[in-house]
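The values are calculated or read from the model by the stated rules, or taken from the named source; none is laboratory data. In this text, all values refer to a predicted model and were calculated from it rather than measured experimentally. Note: ideal-geometry Cβ built from the backbone for every residue, glycine included; neighbour counts use all protein chains shown. Quick note on the areas: whole protein, heavy atoms, side chains included, nothing else; ligands and nucleic acids left out. Shrake-Rupley method; radii C 1.70, N 1.55, O 1.52, S 1.80 Å.
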Amino acid sequence: MSESLTIPEKGLDKKMLLEQMRELRDADGNWREGRTWSLVYYADEEHYDFLKEAHNTFFSENGLNPMVFKSLRRMESEVVRMSAEMLHGDKDVVGTMTSGGTESILMAVKAARERFRKKRFIFNGQPELVAPESIHVAFGKAAHYFGLKVRYVPLGDDFRVDVDALKRAVNRNTALIAASAPQYAHGVIDPIEEIGAFAQKEDIPFHVDACFGGFFLPWMEKLGYDLPPFDFRVPGVTSISADVHKYGYAAKGASVVLYRDMSYLKHQFYISTDWPGGIYPSPSAAGTRPGGPIAAAWAAMKAMGEEGYLKLTRKTMEAVEALQSGVRRIDGLKVLGSTDGPVVCVASNSPEVDIYAVVDQLNAKGWNLDRQQNPNSFHLSVTANHLQAVPAFLDDLQQAVDHVRAHPELKSEGQAAMYGMIAKIPFRGAVKFSVQKIMEGMYGPDGKVPDLGGEASEDDDLIMQLMDKYGDKAMGILEKFESSKEVIKDALPWKK
């Protein structure tokens, strides 16, 4: 690849550039063979090629103005309608497409805040969001963007939210209650019916985050799996988010946010009437709305049909059940939660098996999977495509556990050491500061990709010493200085 970081004086050869792009992609996670356990939802090569053609047919169209591109408005409307019916919504259910689950959640929180403000003519406090500790981090991001306070509610032993604790967290400032179907980390559905009944009684909007499971759970039910109601069948549910680009097997950049009726959706809209450029209405966060993802989502749902979704769901659950059975046969491991969908969450049940060190061993064999914390575990988002990879994965998992048990020093090496250290740090400000520095490096002028498996630097060690002595109070010192080393050296002798 060219080392120049400036726009070339003359355009480069297109074939050469495409070859460079393919070379770059060679270093990415291998998802076609099922060795990447999140991020990509792949049906098969025929569907993949079909999606590319559908997407590229509307490559240049822009849903910003539905009066110009009526085709996109029609396809978006039909995606919303099909999604609503799949989730047992009636004719009054409305919604929009978004660029993904995060935008869908942002819109639901924004709409709840606006509705809350309009209903509370006299209001002196900060609007609040009540949600389980396991709720997707996009809700925290939405609260950060839109000025809400989040009251996080603890989980029970089954990783579902403690409903009694949730009820106690609700007060007159609550603008929205949220729960998951299922939650991403452990793959369980929160008690949606019980929460919905409470939310309806209190006249508080209740959002079900089904970004992960919205296009999977309905087909699980049709296959005969016993699942609790989680969608618009529950009267208290006022909005749902569901990602078409996950188990809807659409192209990336496609999600829906649905509302029980227009009295909720209308608060999502933004309308400007005084701009010199004209009247500007916007249904969601984006201005330009790329036509490709809208078209590909419509095409995916139409092409897949119930028959296609049922087939993929059946194969996915076959893979899930094989993985769970295989994990339970491995001494030193256990399955957490993972009862209500396409998730397998694995933790250690032996002090001799450090789960992060196990993940390091799997990474070395070409597997890509997500580490989790509270408790330490790893997560597999399972698709039908992973069925082919299950035997090899379980073999490598057994070997990894055996190797880690035989080499206890591994928990202090590689990424296992970093994640293990982070999990034990009682001061979350220290973790946030370290991640902030990684982000600054990745998105700074040099665009450096961090070596997360490398040894701790002198700065890192000094930061840990400072945090150990002063806790999160040390953050005020660190955030004021670009270079932390000398500041920390000066600060360490201080008396607490």
*Looking at (1) hydroxyl-bearing (Ser, Thr, Tyr); (2) open to solvent by 10 Å² or more (accessible area, probe 1.4 Å); (3) within 20 Å of ALA384 (Cα to Cα), which is the one condition that is false for THR316?*
(2)
_I'd like the full set of residues that are open to solvent by 50 Å² or more (accessible area, probe 1.4 Å), closer than 15 Å to ALA299 by Cβ and among the hydrophobic types (A, V, I, L, M, F, W, C), limited to the stretch 69-87._
MET82
*Name the single residue, out of those in the stretch 213-235 being assigned to a loop (DSSP other than H, G, I, E, B) and open to solvent by 50 Å² or more (accessible area, probe 1.4 Å), that is farthest from ASP162 (Cα to Cα).*
LEU223
*Taking the stretch 155-177 on its own, how many of its residues are touching a residue at least 60 places away in the same chain (Cβ under 8 Å) and buried (at least 23 other Cβ atoms within 10 Å of the Cβ)?*
2
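Residue-by-condition table, conditions (1) under 12 Å from TYR264 (Cα atoms); (2) in contact (Cβ under 8 Å) with a residue 60 or more places away in the chain:
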site: GLY100; (1), (2): no, yes
site: LEU106; (1), (2): no, yes
site: VAL109; (1), (2): yes, yes
site: GLU114; (1), (2): yes, yes
site: ARG117; (1), (2): no, no
site: GLU128; (1), (2): no, no
site: SER134; (1), (2): no, no
site: VAL137; (1), (2): no, no
site: GLY140; (1), (2): no, no
*Note down all Cβ pairs under 6 Å where the first residue falls in the stretch 383-399 and is under 13 Å from GLN324 (Cα atoms) and assigned to a helix (DSSP H, G or I), the second is open to solvent by less than 60 Å² (accessible area, probe 1.4 Å) and not hydrophobic (A, V, I, L, M, F, W, C), and they're at least six residues apart or on different chains.*
LEU394/GLY326
*Criterion violated by ASP92 - all others in (1) in contact (Cβ under 8 Å) with a residue 12 or more places away in the chain; (2) surrounded by 13 or more Cβ atoms within 10 Å (Cβ to Cβ) satisfied*: (2)
*Name the pairs whose Cβ atoms lie under 6 Å apart, with the first residue in the stretch 61-78 and more than 19 Å from VAL94 (Cβ to Cβ), the second open to solvent by 50 Å² or more (accessible area, probe 1.4 Å) and of a type in the set (Ser, Thr, Tyr), and 6 or more positions between them or separate chains?*
ASN62/THR288; LEU64/THR288
*asked:* Restricting to the stretch 5-63, and then to whatever is β-branched (Val, Ile, Thr) and closer than 26 Å to GLY100 by Cβ, can you tell me which residue is most open to solvent (accessible area, probe 1.4 Å)?
replied: THR57
*Quick one: which of ALA199, ALA175, ALA185 is at pLDDT below 95 and either among the aromatic types (Phe, Trp, Tyr) or closer than 19 Å to ILE105 by Cβ (or both)?*
ALA185
*For the stretch 103-212, please list each of the strands (runs of 3 or more DSSP E) lying entirely inside it that holds at least 2 residues being more than 27 Å from SER338 (Cα to Cα).*
174-180
